[in-house]
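Asker: Could you have a look at this structure, given as structure tokens, before my questions?
The values are calculated or read from the model by the stated rules, or taken from the named source; none is laboratory data. The structure presented is a predicted model; accordingly, all values stated were derived computationally and were not measured. We place every Cβ from the backbone using ideal geometry, glycine too, and count neighbours over all the protein chains shown.
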Protein chains: 2
Amino acid sequence: MSTPEAISPLAPTAFSDMAPVAGVRLASAACGVKYAGRTDVLLAELAAGTTVAGVFTKSKTASAPVDWCRKSLPGGQAQALLVNSGNANAFTGVRGLEAVEATVKSVADRLTCRPSRVFCASTGVIGEPLPAEKITEAMDGLVASLADANNAAGWEAAARAIMTTDTFPKGASAVAEISGVRVTINGIAKGSGMIAPDMATMLSFLFTDAALPAGVLQSILAEVADRTFNAITVDSDTSTSDTVILFSTGAGADHREPDDAADPALDDFKAALETVMGDLARQVVRDGEGATKFIEVTVTGAETDFAAKRIALSIANSPLVKTAIAGEDANWGRIVMAVGKAGEAADRDKLAISIGGIEIAAEGAAVEGYDETPVAQHMNGDEIEITVDVGIAAGEGAGRATVWTCDLTHGYITINADYRS
Amino acid sequence: MSTPEAISPLAPTAFSDMAPVAGVRLASAACGVKYAGRTDVLLAELAAGTTVAGVFTKSKTASAPVDWCRKSLPGGQAQALLVNSGNANAFTGVRGLEAVEATVKSVADRLTCRPSRVFCASTGVIGEPLPAEKITEAMDGLVASLADANNAAGWEAAARAIMTTDTFPKGASAVAEISGVRVTINGIAKGSGMIAPDMATMLSFLFTDAALPAGVLQSILAEVADRTFNAITVDSDTSTSDTVILFSTGAGADHREPDDAADPALDDFKAALETVMGDLARQVVRDGEGATKFIEVTVTGAETDFAAKRIALSIANSPLVKTAIAGEDANWGRIVMAVGKAGEAADRDKLAISIGGIEIAAEGAAVEGYDETPVAQHMNGDEIEITVDVGIAAGEGAGRATVWTCDLTHGYITINADYRS
């Protein structure tokens with residue numbers, strides 16, 4: 001939560017273009033939850049009939065808002081989303097639930113809906129009671145300023161209101177067709193530390209004007225989260241508050257409503273959702289605390305996709321691999337170490353490693369006389385590609401996974417050794 | 001492997017006093033395996049009839065020397081130990097085994113024993129062929145200089161020969177009684193990075209003049225390793241080379257030879273072995289790369305001892321906890337986070353956390369008005385104690401574990417981002 005000193009060198013050059021999403025109205029305000037002089041509360045109003053799906057942290061010490069959303073999710077309906085930054089409302093005992101109830105009620109009263117249709121999330125410091133009154137006192141103003149989510153500026157303001165140590169706001173947008181009808185998916189996200197599966201972002205909210213039943217939405221969200229938000233890691237730490245919620249307003253153009261997530265009519269929608277969620281997830285990595293390199297790790301030749309992902313995450317989470325990359329050192333010995341410690345089957349004597357597309361180890365040993373120049377050039381860049389074949393399986397059935405992470409630098413230490421002081 | 005700039009601030013003031021161990025002769029030499037001007041090979045000759053036990057890395061990409069020791073261990077007999085630093089002989093393909101065979105043969109020829117009784121270990125850079133001839137060419141000199149291990153200087157020289165990034169040599173010694181007869185246990189260790197269970201040190205060698213069958217020795221070693229070398233972590237990374245070997249020469253005073261590890265006559269021996277191994281394990285943490293704080297984490301109230309250890313390691317491995325401690329910040333919110341991500345049962349609303357003996361969180365929330373002054377004083381010191389009760393079980397049956405780690409600092413980044421350059 002310390003004030004970021006500079007925008008991440010890996011940040012996109014600008015906030016994404018965002019198409020309008022019918023049925024979503026947005027407002028944000030500076031409530032002084034913790035910091036002065038910045039927006040810290042986001043309110044989204046959703047059209048009547050909006051359906052909802054969510055995936056949450058697997059932490060055993062989840063926050064009060066996560067408890068609330070989990071309890072409300074089976075209803076499948078949403079009318080509002082309320083998010084604050086500055087305070088996570090986590091590990092706050094019975095007062096945590098009271099604060100959720102107070103803020104949710106203040107939304108539900110004004111939008112005349114059931115409290116269980118108000119979803120919420122909080123991010124920031126853990127263990128301090130959430131000053132709910134700062135939010136409830138601002139509610140009249142928030143509701144009065146709700147505006148259609150028609151332009152990128154509105155979405156950028158929403159993305160800014162949920163930032164903590166983030167150095168840039170994160171948004172992504174895509175269009176898809178369902179049965180020939182065009183629908184839009186927009187998303188915002190925040191997160192830059194305490195980022196690891198599962199979940200891998202602290203908060204992300206996705207909005208589509210498609211009309212999809214809650215059950216279908218939930219299947220699709222869980223599947224796509226696995227390849228996006230659950231495939232990134234900054235520091236292997238998992239927040240108590242990680243939340244990804246997908247709202248489907250049904251306020252766009254009419255289309256046939258598929259009642260099965262496997263309906264081929266949804267293929268294009270799924271692909272677009274993966275584009276949006278993947279883009280947001282990678283933006284979270286690009287804002288990793290202290291990050292100077294964006295790293296893509298692909299593992300092939302594993303027993304299963306699951307095994308491949310565990311090995312890829314073992315590489316992506318290894319402090320020794322991450323510091324080597326910070327030092328622009330193509331230290332594949334540390335990659336071998338990380339493959340070994342993952343606990344999944346790997347054939348040491350068939351292992352092959354490529355960096356930046358250049359094979360530098362094969363058949364379990366260094367490739368003699370490989371051209372070091374392009375590898376060194378690749379390591380000097382800010383996008384690093386590592387591919388490892390673990391030599392257990394080949395062809396169609398071979399396990400494969402890609403994950404994304406960033407390097408581990410002095411910047412991470414500086415940010416996190418001074419967090420509260 | 002970069003040259004250490006300064007001795008760790010957490011180092012013991014002096015190398016341990018070491019009692020003589022009958023049946024052990026030591027020699028070391030500067031063979032130039034990688035670095036000039038320092039000893040880098042250790043040879044130990046063991047009395048005829050020496051028994052042996054070992055525990056090794058669980059890495060799926062273990063080094064050639066680890067493969068060799070695993071294959072030789074069932075024989076239960078040892079006559080020599082050969083260790084080099086500077087090169088790990090790991091991920092070196094078929095040439096790795098050839099290098100082991102060449103160096104082992106050069107020992108076996110001179111000591112006229114079977115190669116399978118020569119145990120070996122290598123530590124240093126991964127993926128570069130071991131220049132075996134540098135070691136074999138020095139073998140005549142090494143054998144000629146073997147001397148009884150009668151004084152601390154001899155043990156210190158042995159400990160120095162196996163160092164890599166270590167900033168100080170590590171030794172420990174204890175005496176015990178078996179059936180009224182006094183025996184001695186000495187140990188040396190090396191390791192300061194790539195340290196995590198299982199195993200938690202790179203290399204440690206233990207020597208006793210007791211007479212114990214190999215099977216008994218193996219049971220005892222595995223049990224004690226669990227509470228010592230497998231209860232420390234520096235950076236969660238696991239080496240390809242981790243090796244702990246215990247030699248029992250039987251060259252001390254005669255005692256009744258227990259044939260069962262559960263024999264009460266061995267209780268004092270086990271306690272002394274735990275003293276030596278625990279001392280060495282904690283010395284490895286005290287030499288953690290960049291460490292400025294030594295951290296003891298105790299978890300109580302867990303479902304089982306195993307669950308308690310997983311939660312304790314989750315805390316000890318969390319970059320956010322480790323950087324907070326580096327910043328002298330009693331940030332218990334991050335401890336809550338680390339408890340939550342461990343995946344073991346924890347009751348969020350009963351969780352209690354003490355730092356330096358002061359309870360700062362209880363019943364799932366901050367203790368209001370706790371005295372911050374002694375906590376801040378404790379955080380400013382270089383020995384940090386964290387105790388967490390996870391509120392699942394109480395009394396006799398409650399799971400409990402203690403692990404040791406160090407903080408994560410700029411020093412770690414500096415050492416590891418410049419490793420090979």
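Asker: With segment A:70-157 as the region, which helices (runs of 4 or more DSSP H) entirely inside it contain at least 1 residues that are within 17 Å of A:THR50 (Cα to Cα)?
Answerer: Filter on segment A:70-157 gives A:93-111.
Asker: Let me ask another. Only one of (1) free of Cβ contacts under 8 Å to residues at least 12 places away in the same chain; (2) over 21 Å from the mean Cα position of the chain (by Cα); (3) farther than 23 Å from A:THR249 by Cβ is not met by A:THR13, so which one is it?
Answerer: (2)
Asker: Going by the conditions given, is A:GLU396 touching a Phe, Trp or Tyr at 6+ places or on another chain (Cβ under 8 Å), in the same structural domain as A:ALA308 (by TED's automatic domain parsing) and of a type in the set (Asp, Glu)?
Answerer: No; evaluated as a whole, the condition is false for this residue.
Asker: Going through segment B:43-67 one residue at a time, which ones are within 14 Å of chain A (Cβ to nearest Cβ) and either closer than 18 Å to B:ALA102 by Cβ or not in a loop (DSSP other than H, G, I, E, B) (or both)?
Answerer: Across segment B:43-67, the qualifying residues are B:PHE56, B:SER63, B:ALA64, B:PRO65, B:VAL66, B:ASP67.
Asker: In segment A:333-344, how many are farther than 21 Å from B:THR123 by Cβ and either free of Cβ contacts under 8 Å to residues at least 40 places away in the same chain or within 7 Å of chain B (Cβ to nearest Cβ) (or both)?
Answerer: 2
Asker: Within segment A:18-42, count every residue that is more than 17 Å from A:GLY124 (Cβ to Cβ) and in a strand (DSSP E or B).
Answerer: Qualifying residue count, segment A:18-42: 4.
Asker: Another question about this same structure. Counting only residues that are surrounded by 22 or more Cβ atoms within 10 Å (Cβ to Cβ), give me the helices (runs of 4 or more DSSP H) lying completely in segment B:317-417 with at least 3 of them.
Answerer: Qualifying helices (runs of 4 or more DSSP H): B:319-326, B:332-341, B:410-417.
Asker: If you don't mind, another one. Which residue, of A:LEU42, A:LEU46, is over 29 Å from B:ASP349 (Cβ atoms), crowded, with 19+ Cβ neighbours inside 10 Å and not acidic (Asp, Glu)?
Answerer: Result of the check over A:LEU42, A:LEU46: A:LEU46.
Asker: Taking the options A:ILE188, A:ILE126, A:ILE162, name whichever one is buried (at least 21 other Cβ atoms within 10 Å of the Cβ) and either more than 21 Å from A:LEU10 (Cα to Cα) or free of Cβ contacts under 8 Å to residues at least 40 places away in the same chain (or both).
Answerer: Within the list A:ILE188, A:ILE126, A:ILE162, the selection yields A:ILE126.
Asker: Let me spell it out: the conditions are (1) out of contact with any helix residue (DSSP H, G or I) (no Cβ under 8 Å at 6 or more places or on another chain); (2) touching a residue at least 12 places away in the same chain (Cβ under 8 Å); (3) within 14 Å of chain B (Cβ to nearest Cβ), and A:ASN89 meets all of them except one. Which number is the exception?
Answerer: Single failed check for A:ASN89: (1).
Asker: Just to be sure, is B:ALA214 more than 27 Å from A:GLY343 (Cα to Cα), surrounded by fewer than 24 Cβ atoms within 10 Å (Cβ to Cβ), at pLDDT 95 or above and not assigned by TED's automatic domain parsing to the domain that holds B:ALA312?
Answerer: yes
Asker: Turning to a different aspect of this structure: Assuming B:GLY124 fulfils every condition listed in (1) under 26 Å from A:GLY369 (Cα atoms); (2) at pLDDT 95 or above apart from one, which condition is it?
Answerer: Every condition holds for B:GLY124 apart from (2).
Asker: Okay, next question. Could we say that B:PHE247 is surrounded by 21 or more Cβ atoms within 10 Å (Cβ to Cβ), at pLDDT 90 or above and either within 14 Å of chain A (Cβ to nearest Cβ) or closer than 24 Å to A:SER236 by Cα (or both) here?
Answerer: It is false that B:PHE247 is surrounded by 21 or more Cβ atoms within 10 Å (Cβ to Cβ), at pLDDT 90 or above and either within 14 Å of chain A (Cβ to nearest Cβ) or closer than 24 Å to A:SER236 by Cα (or both).
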